[in-house]
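All remarks here apply to the structure that follows.
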Amino acid sequence: MTSSTLLSDKTRHDSYVWIDSETRAGVRFRISRMSVGRRIALARRIREAGRGLEFLEAGNDLRDKLDGAVLKGEIDRVYLEWGLDAIEGLEIDGEEATPELAIEKGPADLAAEMLARIRGECGLSENERKN
């Protein structure tokens, strides 16, 4: 094999993927793909956000249940902040949506769709999600 053959045999890898929204016509969003470094960073953030979730979910007290629901929401937000890289075709309160604005004030159905796609891209096991 010559060096020119080696150069032409490169494999392309994009660290993100664009997805056309199924819930909002004309909207598309870009999510980050998993890598070793990003997996470690995400697992750390989820572990920090989710400390005590299993304990709270197991409790019978209404306050424990509410605290558990808040922690689940915080974990969802971690996934969105970690994975949502860009958004196009959406205005919120007269402004072009950014990932931060979409997370903070965007439509709940779109957030749920983005969250599901990010989690699917992550491919974390149930145990990794809890820790």
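Throughout, read-outs are computed from the coordinates displayed, never taken from laboratory work. Bear in mind that the values here come from a model prediction, so they are computed numbers and not experimental data. Because the Cβ atoms are built from the backbone with ideal geometry, glycine has one as well, and the counts that use them run over all protein chains shown.
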| remark: Counting only residues 5 or more apart in sequence or on a different chain, those whose built amide H sits under 5 Å from that of S21 are V27, R28, F29
| Net charge, D93 excluded, C-beta distance under 11 Å - Lys, Arg +1, Asp, Glu -1 | -3
| field | In nm, spacing of pseudo-spin labels at S15 and K72 (7 Å Cα→C-beta vector) | value | 3.3
